[in-house]
Amino acid sequence: MTAPLTADAHEYGLVGDGTADDGPALQKLVDALGEATAGDGRPRTVRVPAGRYLIRDKPVLWRSGVSLVGAGRGATCFALTNPGAPTQPVPLAWFTTAQHGAGRDHHVADVTFAHFEIDGLGVETEEYEVLAKGLGLQYVLRGRFSDLWIHDTAATGFGCDFLQDTVVEGVLTERCGRQDPGEKMGGAGIGIGVGGWGPVERLAVTDCTARGNGTNGIFLELQQDDWVPPRGIRLTACHAEDNRYGISDWGADGLLVTGCTMLGNHVAGFDVSAQGTTSVGGRGGLVTGCVIDGNAGDGIALGNTPGPYGFHGNRVSNNGRYGYWEHNLAGGDQEPATDIVLESNDIHDNALDGIRVDAPLHEPAIFGNRIRGNGRRAAPEAHGGGEGVHCGPLSLTDERADWLPGGHRGKELTVGGEPGGAEATAEVTAVVTAVVTAVVTDNTATRLTLAPLRPGAGTAWPDGTPGPGTAYRLPDSPAPRAGLTAAAAVTHPYVHGNRVRDDGHPRTQVHAVWIAPEATWTGGRVSGNDFGGNGSASTRFDSAPSGGRWRDNAG
């Protein structure tokens with residue numbers, strides 16, 4: 001066959017009728033164009049008209065210099081399926097180290113993937129297979145991935161690693177990681193392995209959306225623990241919603257996250273930890289100008305990092321546990337995190353502490369923040385059932401209740417079994433069912449809003465919506481709940497110019513600062529803060545600070 005610079009897919013055997021297997025014709029075309037590019041150094045493009053192109057049982061091995069360009073999302077669709085190969089992962093395109101010997105000297109260069117959809121719903125492997133992606137390329141040089149819609153893949157949707165001089169823009173991933181229960185490797189919307197090109201990987205991820213994916217919305221992960229965490233990676237104007245984690249840094253150095261939104265994720269909006277394959281947390285990153293709101297767990301969860309890390313000018317609000325949580329997972333770095341900076345953030349209306357320190361910090365700087373109205377999980381224990389109680393797919397309503405709005409945020413709701421207390425009377429007959437639990441994301445006086453059972457699900461209930469009158473229970477509120485809690489070793493902190501208050505009715509943020517019994521607070525300076533207007537005393541020292549200077553703090 002001839003090898004034009006631009007090839008119309010229909011002219012080379014692709015049908016796009018949703019029935020014929022277009023994989024062999026696409027592979028033949030990619031091979032021919034790849035050979036031509038290798039011969040004359042001129043990259044080629046496959047243009048794919050609107051249609052539904054079936055890729056059955058076998059992925060397409062990609063070639064350097066060959067681009068794939070469709071007619072637009074929803075117009076050109078590649079439908080992945082494996083009915084004849086139940087053990088075979090079927091990404092649309094792959095080129096990997098393990099299968100094909102990909103590396104710095106054997107890479108894919110000068111490729112564009114743009115303007116099409118990948119539907120992964122037809123791939124079902126006998127066991128979870130990390131390679132059952134939408135795109136699965138490694139070692140890409142001068143790549144561009146633009147205007148893609150990838151959805152319902154068994155594993156990660158966009159799963160490409162080691163991207164040098166590459167741009168990922170306008171990629172929408174939804175409900176990927178379909179076969180991942182949330183604890184496997186992969187299963188993300190956008191998952192990018194890093195470190196393969198050395199200490200600098202020049203990668204920009206911009207204007208991407210990740211919604212309802214099994215693990216992370218977007219994550220960067222160091223792939224070998226003896227590699228240097230790379231610099232040069234930027235995430236800008238991205239949106240992560242209803243994933244297990246929103247955006248995660250599992251091994252980059254100096255990751256820049258700017259102008260992103262992380263909403264309604266199940267564990268944390270932004271995560272730095274040792275959960276990646278190499279148990280290496282990120283370090284040196286900057287998170288600026290982001291909205292991290294309404295996540296069922298924590299807003300920012302940071303740990304297993306030597307530091308530094310900086311958070312500047314973010315809104316961290318309405319999360320189901322802590323606004324910012326410093327903690328370490330087992331198996332990762334346990335040394336004190338040095339030079340953590342929280343500056344000019346608005347940390348408000350989180351369910352428990354605004355800032356919670358459960359792992360050692362050395363020379364943290366916390367200045368210019370507004371830490372207000374946290375500790376919203378202030379409602380007492382509640383239970384009920386019978387008349388007036390009814391459930392929706394993501395809600396429970398008790399028309400007899402009078403709950404503190406937001407007061408059950410982040411609690412685990414138990415539904416079923418026997419009701420307790422005064423509700424178990426002749427006047428109220430509760431329906432007894434099997435016991436299930438769900439996480440409360442918010443509440444009004446009579447209605448609980450619940451997190452989905454898993455990312456991408458449309459319901460909180462594993463076995464169908466409970467019937468009217470079902471018994472329920474909500475646990476009591478923990479206390480105290482402070483603006484800033486230290487429950488680990490904090491050495492030489494700089495805490496200056498913060499406004500830590502609660503102007504709500506009632507005031508649910510009990511203290512501005514609480515040093516817990518297990519904490520040590522050594523040296524440093526705490527000055528010029530406004531600690532007035534909290535629910536109880538401005539400070540509570542169950543472990544007295546040692547050395548340093550506390551002065552000019554109002555309240």
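The values are calculated or read from the model by the stated rules, or taken from the named source; none is laboratory data. Keep in mind that what you see is a predicted model, and the values were worked out from it rather than measured. FYI the Cβ positions are ideal-geometry reconstructions off the backbone, even for glycines, and counts take in every protein chain you see. Quick note on the areas: whole protein, heavy atoms, side chains included, nothing else; ligands and nucleic acids left out. Shrake-Rupley method; radii C 1.70, N 1.55, O 1.52, S 1.80 Å.
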Take each of the peptides 52-58, 95-101, average the number of other beta-carbon atoms within 10 Å over its residues, and list them starting from the highest.
52-58, 95-101
Taking R0 as 25 Å, what FRET efficiency do you get between Ala204 and Ala457 from their Cβ-Cβ distance, rounded to the nearest 0.05?
0.20
Scaled radius of gyration (Cα, divided by 2.2 N^0.38 Å) that the chain gives
1.07
With only helices counted (DSSP H, runs n ≥ 4, each -39500 (n - 2.57)), the per-residue ellipticity at 222 nm for the chain, to the nearest 500, works out to -1000 deg cm²/dmol
With every protein chain left in place and a probe of 1.4 Å, what is the accessible surface of Lys133, to the nearest 10 Å²?
30
Sites Glu127 and Thr465, calculated FRET efficiency, Cβ-Cβ separation with R0 41 Å, nearest 0.05
0.85
In percent, how large is the relative contact order of the chain, given Cα pairs closer than 8 Å and 6 or more residues apart?
7
Hey, which aspartates and glutamates would be in cross-link range of Lys411, C-alpha to C-alpha under 19 Å, not counting anything within fewer than 8 residues on its own chain?
Asp242, Asp293, Asp298, Asp349, Asp353, Glu381, Asp398, Asp402, Asp442, Asp476
Gyration tensor on Cα atoms of the stretch 1-141, a ≥ b ≥ c root eigenvalues, a/c under 1.5 rounded, else prolate if a/b beats b/c, else oblate, says oblate
Counting DSSP beta bridges in the chain, what percent are antiparallel, to the nearest 5?
10
Carbon and sulfur together cover what percent of the accessible area of the chain at a 1.4 Å probe radius?
51
Could you sort Tyr472, Tyr322 by their accessible area in this structure, using a 1.4 Å probe and putting the largest first?
Tyr322, Tyr472
The stretch 196-256: C-alpha gyration tensor shape, a/c 1.5 cut-off, then a/b vs b/c
oblate
Whole-Hz ³J(HN,Hα) from phi, Karplus 6.51 cos²θ - 1.76 cosθ + 1.60, for the stretch 485-495, glycine and proline x:
10, 10, 10, 8, 6, 10, 10, 6, x, 10, 10
What accessible area per residue comes out for the stretch 140-187, rounded to a whole number of Å², with a 1.4 Å probe?
28
Low-density loop GluC sites (Glu not before Pro), the stretch 163-265, at most 14 other Cβ within 10 Å, DSSP non-H/G/I/E/B, are Glu183
Quick one: net charge around Cys160, please, counting Lys, Arg +1 and Asp, Glu -1 for every other residue with C-beta under 14 Å from its C-beta.
-2
